[in-house]
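A short reminder: the numbers here are calculations on the coordinates, not readings from a lab. Being a predicted model, the structure only gives us computed values, none of them experimental. When we count neighbours, we look across all protein chains shown, and the Cβ atoms used for this are built from the backbone with ideal geometry, even at glycine.
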Amino acid sequence: MRKNFGAKPFLAPQPVLIVATYDESGNPNAMNAAWGGMCGADEIMIDLGAHLTTDNIAKTKAFTVSIASGKYAAACDYVGVVSGKDAPDKMQKAGFTVTKSEFVNAPVINELPIALECELIEVFPGGKHIGKIKNVSVCECALDDKGEIDLAKLDIIVVDPFYHGYYRLGEKVGDAFKSGFALK
């Protein structure tokens with residue numbers, strides 16, 4: 001037996017994505033977005049609605065997408081609940097510092113270990129933004145001894161769409177594109 005909940009955003013877990021932009025004066029801004037994901041090998045789609053961040057993207061045609069980390073969960077939530085229109089210093093209040101991307105006109109948040117540096121491709125009605133990933137930069141602190149990304153060191157958090165909690169990713173339970181072969 002199943003219980004019907006109607007049309008809800010109940011795909012779980014959802015990544016906690018921090019979208020960062022520059023305004024026309026070069027001031028950084030960021031927002032928290034949960035509705036986004038890969039839509040191709042080098043493209044990302046994020047439903048952003050209308051915000052200062054989307055105004056900035058319209059002007060610069062660029063943005064970065066960082067995955068939130070547990071260490072900065074409160075800061076990542078803060079940039080989502082406070083508008084840059086009301087708090088122009090919200091990046092400083094969040095404790096975030098930035099470095100300009102080498103690939104697009106957008107800031108990379110230094111405290112978050114991974115960033116997708118994107119060029120705007122298209123905006124669909126309702127605020128769905130498609131970006132082409134020009135580069136992925138990863139803090140050396142999140143690499144293993146071979147220079148590869150260590151998922152545990154990224155300290156990724158996801159949001160629970162049912163009760164709105166943040167959770168760290170858990171244990172590995174299998175190998176993608178391999179574990180299923182055991183059932184052949």
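Per-structure values
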item: Average projected area [Cα convex hull, region 14-183], square nanometres; result: 11.3
item: Range in the chain, longest, excluding exposed chymotrypsin sites (Phe, Trp or Tyr not before Pro) [loop by DSSP; at most 16 other beta-carbon atoms within 10 Å]; result: 11-161
item: Selected from D23, D145, D155 as most flexible by GNM, with the chain as the system and alpha-carbon contacts under 10 Å; result: D145
item: Over region 21-125, relative contact order from alpha-carbon pairs under 8 Å, at least 6 apart, %; result: 32
item: Residue exposure sequence - L169, L48 - by fewest surrounding Cβ within 10 Å; result: L169, L48
item: Where GluC sites (Glu not before Pro) in DSSP loops with at most 10 other Cβ within 10 Å are excluded, longest remaining stretch of the chain; result: 25-101
item: Value of relative contact order over the chain, rounded to a whole percent, pairs C-alpha under 8 Å and six or more apart; result: 24
item: Which of M1, M31 has the fewest Cβ neighbours within 10 Å, and the rest in rising order; result: M1, M31
item: Whether region 87-128 is rounded, prolate or oblate, judged on the alpha carbon gyration tensor where a/c under 1.5 counts as rounded; result: oblate
item: Listed residues A73, A62, A30, most fluctuating in the chain (Gaussian network, C-alpha, under 10 Å); result: A73
item: Residue exposure sequence - I57, I67 - by fewest surrounding Cβ within 10 Å; result: I67, I57
item: Given charges at beta-carbon only (K, R positive; D, E negative), |dipole| of the chain in Debye; result: 660
